[in-house]
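Asker: One structure is given below, represented as structure tokens, and several questions about it will come after.
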Amino acid sequence: MEFNPQASRVCSCNRKDSPSIYRCLDCNRTTVQCQQCTLDSHKHLSLHQIEKWEGDHFMPTTLFDLGHILYLGHDSEPCP
């Protein structure tokens, strides 16, 4: 059983209904973010290992499962 005091709290972005339930093993294991902040901070880091808080432990997930789209070219933005 794991414990993380930041898990399931409101994310630092203060978006409505944005619980902090995702952490990156490659960036900083102690920082827990909401889904959108995780996607925003990993725009150029699509191979990082992400975990999701399940109430009493973290489980592996992927950025793809969170909705990450890898755009090639155009500075990781959709083609104009």
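The values are calculated or read from the model by the stated rules, or taken from the named source; none is laboratory data. Model, not experiment: these values are computed from the prediction. Cβ atoms come from the backbone with ideal geometry, glycine included; neighbour counts cover every protein chain shown. Ligands, DNA and RNA are stripped out before the accessible areas are found, and what is left, the full protein with its side chains, is counted by its heavy atoms. Shrake-Rupley method; radii C 1.70, N 1.55, O 1.52, S 1.80 Å.
Asker: Can you tell me how many residues in the stretch 28-52 are within 9 Å of the chain's Cα centre (by Cα) and not in a strand (DSSP E or B)?
Answerer: 9
Asker: I've got another one for you. Of all the residues that make up the stretch 53-80, how many are among the charged types (D, E, K, R), modelled with pLDDT under 95 and outside any loop (DSSP other than H, G, I, E, B)?
Answerer: Within the stretch 53-80, residues that are among the charged types (D, E, K, R), modelled with pLDDT under 95 and outside any loop (DSSP other than H, G, I, E, B) number 1.
Asker: In addition: Residue pairs, Cβ under 6 Å, 6 or more apart or interchain, first in the stretch 28-42 and in contact (Cβ under 8 Å) with a residue 12 or more places away in the chain, second basic (Lys, Arg). List them.
Answerer: 32/23
Asker: For residue 2, indicate whether it is open to solvent by less than 80 Å² (accessible area, probe 1.4 Å), at pLDDT 85 or above and out of contact with any Cys (no Cβ under 6 Å at 6 or more places or on another chain).
Answerer: No; evaluated as a whole, the condition is false for this residue.
Asker: Next up: Considering only the stretch 28-44, how many residues are touching a Phe, Trp or Tyr at 6+ places or on another chain (Cβ under 6 Å) and loosely packed, with under 13 Cβ neighbours inside 10 Å?
Answerer: The qualifying residues number 0.
Condition check ((1) surrounded by fewer than 19 Cβ atoms within 10 Å (Cβ to Cβ); (2) in contact with a Leu (Cβ under 8 Å, 6 or more places away or on another chain); (3) under 22 Å from residue 77 (Cα atoms)) across all residues:
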residue: 9; (1), (2), (3): yes, no, no
residue: 18; (1), (2), (3): yes, no, no
residue: 26; (1), (2), (3): yes, yes, no
residue: 53; (1), (2), (3): no, no, no
residue: 58; (1), (2), (3): no, no, no
residue: 62; (1), (2), (3): yes, no, yes
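Asker: Still on this model: Given the criteria loosely packed, with under 12 Cβ neighbours inside 10 Å and of a type in the set (A, V, I, L, M), does residue 47 qualify?
Answerer: It is true that residue 47 is loosely packed, with under 12 Cβ neighbours inside 10 Å and of a type in the set (A, V, I, L, M).
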